[in-house]
Amino acid sequence: MELLERDAPLRELDVALKDAAAGEGRMALIRGEAGIGKTSLVERFTHEHRPTARALWGACDSLFTPRPLGPLHDIAAQTQGDLLARLTSESNRTAIFSIFLSELQHETTIVVIEDVHWADEATLDLLKYLGRRIQRTRALLIATYRDDETGPQHPLRLVLGDLATSTATRRLTLSPLSVDAVRTLVAKRPALPNTAPAASAARMQRSAPSLKKSAARSVRSIFRRRAFGWPARTRGTPALKAGCLLYVSARSKG
């Protein structure tokens with residue numbers, strides 16, 4: 001999948017991983033709106049470094065009763081070691097955190113925890129615990145979150161403030177794609193026939209799920225700022241119609 005206008009954050013992650021491989025662990029906090037391409041960026045990064053770094057993935061879920069340390073359970077299922085045994089036996093939290101920290105000291109590792117704006121309190125504690133100690137590991141811990149869903153009173157804000165004081169922390173912001181980048185992405189898709197909007201949106205959704213995820217927010221932002229200022233002949237072009245349908249498709253899937 002092609003990534004446009006993401007070279008700078010990829011370079012920052014490359015430098016952070018190089019530091020981690022040398023024994024100076026790092027934490028990268030990646031923020032951006034829903035659908036802007038945080039997951040696509042991290043997937044590309046971990047794929048590029050697959051030969052030299054182990055990747056462990058965990059995710060926070062938008063549940064009414066989230067499982068404590070849900071992302072760590074995901075990661076433990078991948079490591080299949082003492083961490084899984086401790087979690088299964090419901091050991092005390094300090095012991096679990098200590099074992100996970102030890103897991104990150106033996107080989108170069110990329111740890112990904114997605115959507116920490118949905119993190120339970122125990123997972124937020126884990127982030128704070130690791131943030132204070134990550135520099136003594138060989139790991140790059142990447143945490144992604146939606147900055148448009150973390151208001152001033154959101155519990156994640158307190159954690160982010162604490163982590164920001166560490167010299168091991170790197171903060172990356174993904175901005176919406178430019179007009180030219182969105183045009184480039186849309187232009188590479190097959191032209192949509194003159195069918196009902198719902199049918200066209202469904203077709204685009206089936207043929208370009210990666211495009212939907214990475215560009216939907218950018219399309220919405222661009223249309224809000226610019227569409228009504230463009231000449232009428234421009235608003236009716238196939239590329240802009242496709243962009244509208246792309247946004248509709250993305251909204252239908254949340």
List the residues, sorted by chain then number, that are 5 or more residues from residue 30 or on another chain and whose placed amide H is less than 5 Å from its amide H. 143, 144, 145, 172
What list of ³J(HN,Hα) values in whole Hz, one per residue of segment 83-88 in order, does the Karplus curve 6.51 cos²θ - 1.76 cosθ + 1.60 (θ = phi - 60°) give from phi, with Gly and Pro shown as x? 4, 5, 5, 5, 5, 5
Modelling each spin label as a point 7 Å along the Cα-to-Cβ direction, I'd like the residue 98/residue 167 distance in nm, to one decimal. 2.7
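Rank-order 177-184, 46-53, 35-42, 117-124 by packing density, defined as the average count of other C-beta atoms within 10 Å over each peptide's residues, highest first. Please list the in-between numbers first.
Details: 177-184: 17.6, 46-53: 13.4, 35-42: 22.8, 117-124: 19.4.
Taking the mean over residues of other Cβ atoms within 10 Å, the ranking is 35-42, 117-124, 177-184, 46-53.
Find, among the chymotrypsin sites (Phe, Trp or Tyr not before Pro) in segment 44-111, those assigned to loop by DSSP (not H, G, I, E, B) with at most 11 other beta-carbon atoms within 10 angstrom.
64
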How far apart, in nm, are the 7 Å Cα→Cβ label points at residue 150 and residue 79? 2.3
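We did not get these values from a lab; they are worked out from the coordinates using the rules stated. This structure is a prediction, so every number in the text was calculated from the model and none was measured. Please note: Cβ atoms are built from the backbone with ideal geometry, for glycine as well, and neighbour counts cover all protein chains shown.
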